[in-house]
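**Student:** One structure, as structure tokens, below. Some questions next.
The values are calculated or read from the model by the stated rules, or taken from the named source; none is laboratory data. In this text the structure is predicted, and so the values were computed from the model without any measurement. Note: ideal-geometry Cβ built from the backbone for every residue, glycine included; neighbour counts use all protein chains shown. Heads up: the accessible areas ignore ligands, DNA and RNA and are worked out on the full protein's heavy atoms, side chains in. Shrake-Rupley method; radii C 1.70, N 1.55, O 1.52, S 1.80 Å.
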Amino acid sequence: MSTLNGKQVGRIVILTGAGVSAESGLATFRDSGGLWENHDPMDIATPEAFARDPGLVYRFYNARRNQLAEVSPNPAHEALARLQREFPGEVFLVTQNVDDLHERGGSVQVCHMHGELRSHLCNACEERMPATGDIDGESRCPRCATAGRMRPDIVWFGEIPYHMDRIAMTLARCDLFIAVGTSGVVYPAAGFVREARMAGAYAVELNREISEVTGLFDEQRQGDASVTMTALVEELLAD
Ligand code: BV8
């Protein structure tokens with residue numbers, strides 16, 4: 001057990017968003033210079049957009065996957081990995097991010113609720129498989145050999161996020177909920193703080209600025225995640 005503001009902490013849920021990877025050089029979605037500044041999300045991150053212009057969607061996700069080789073984890077990723085290693089209680093890390101920086105920062109068991117750039121999905125056999133390179137409308141599924149049905153293994157708007165049952169169960173029994181670098185705009189992730197609070201958890205938001213859901217947290221710590229996450233982990237491991 002550990003304590004935070006006098007509250008006993010034994011089961012922690014951490015939700016991360018694009019802000020935790022911003023200092024690694026990956027654009028967020030809604031900040032200035034963000035991904036959605038150059039693309040309307042409804043034109044690129046929906047099943048309808050994929051049906052309408054698959055080439056645009058393939059290029060967008062192939063480019064983001066290839067960019068991963070140019071970036072590295074930052075102290076926020078490393079601090080979370082340390083918490084998972086050293087915290088005597090339970091730590092559940094759920095991310096909206098599709099990059100692989102949590103794993104490369106040393107985290108194990110990362111729950112990618114919106115999918116991963118390092119994974120592809122075949123719409124013919126529904127198999128998910130490690131991404132070995134760019135895909136396009138001719139790509140053939142390595143499992144069922146069907147051509148032209150491969151897609152990025154990403155949860156798009158209007159699609160059901162992955163691992164929702166496990167996430168709901170873990171939120172219902174946590175006593176500390178931490179959200180890091182997320183704007184609180186996209187559901188169901190933006191609603192997790194409510195579920196955790198209803199379970200009696202203490203809720204802390206780490207963000208550079210006020211988010212859409214800041215008011216739902218017991219406290220907000222403003223600043224760069226590399227600084228605020230490292231400090232919070234120090235505090236939780238201090239005891
Ligand atoms: C679904 C993959 C049914 C793609 C993404 C209720 C109300 C209203 C609407 C809805 C609702 N329920 C559902 C909806 C519809 C929709 C939705 O929420 N629309 C919004 C726009 C209103 N939701 C869906 O369609 C979801 N599916 O609901 O299915 C269902 C649900 C539950 C159970 C059964 C069925 C699917 C949503 C998933 C879409 N896919 N990503 C891709 O990556 O390309 S969403 C995408 O945006 C991200 O994955 C992320 O989830 C989301 C938000 O982005 P953030 O990570 O928060 O990034 P953002 O840029 O917004 O913010 C960055 C933050 O970091 C900022 O606050 C900034 O200040 C901060 N920051 C920046 N730098 C730093 C920092 N903080 C600290 N340090 C720094 N250095």
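**Student:** Of the conditions (1) touching a residue at least 60 places away in the same chain (Cβ under 8 Å); (2) touching a Cys at 6+ places or on another chain (Cβ under 8 Å), Ala189 clears all except one; give me its number.
**Tutor:** Of everything listed in (1) touching a residue at least 60 places away in the same chain (Cβ under 8 Å); (2) touching a Cys at 6+ places or on another chain (Cβ under 8 Å), Ala189 misses just condition (2).
**Student:** Search the stretch 77-135 for residues being more than 20 Å from Ser24 (Cα to Cα) and small (Gly, Ala, Ser), and hand back the single one that is surrounded by the fewest Cβ atoms within 10 Å (Cβ to Cβ).
**Tutor:** Gly133
**Student:** Within the stretch 135-177, restricting attention to residues that are outside any loop (DSSP other than H, G, I, E, B) and β-branched (Val, Ile, Thr), which residue is farthest from the ligand (Cβ to nearest atom)?
**Tutor:** Taking the candidates together, the pick is Thr170.
**Student:** Please go through the stretch 194-226 and give me each residue that is within 14 Å of the ligand (Cβ to nearest atom), in contact (Cβ under 8 Å) with a residue 60 or more places away in the chain and hydrophobic (A, V, I, L, M, F, W, C), ordered by number.
**Tutor:** Val204, Ala225
**Student:** Residues that are within 24 Å of Arg166 (Cβ to Cβ), at pLDDT 85 or above and open to solvent by 10 Å² or more (accessible area, probe 1.4 Å): does the stretch 26-42 have at least one?
**Tutor:** no
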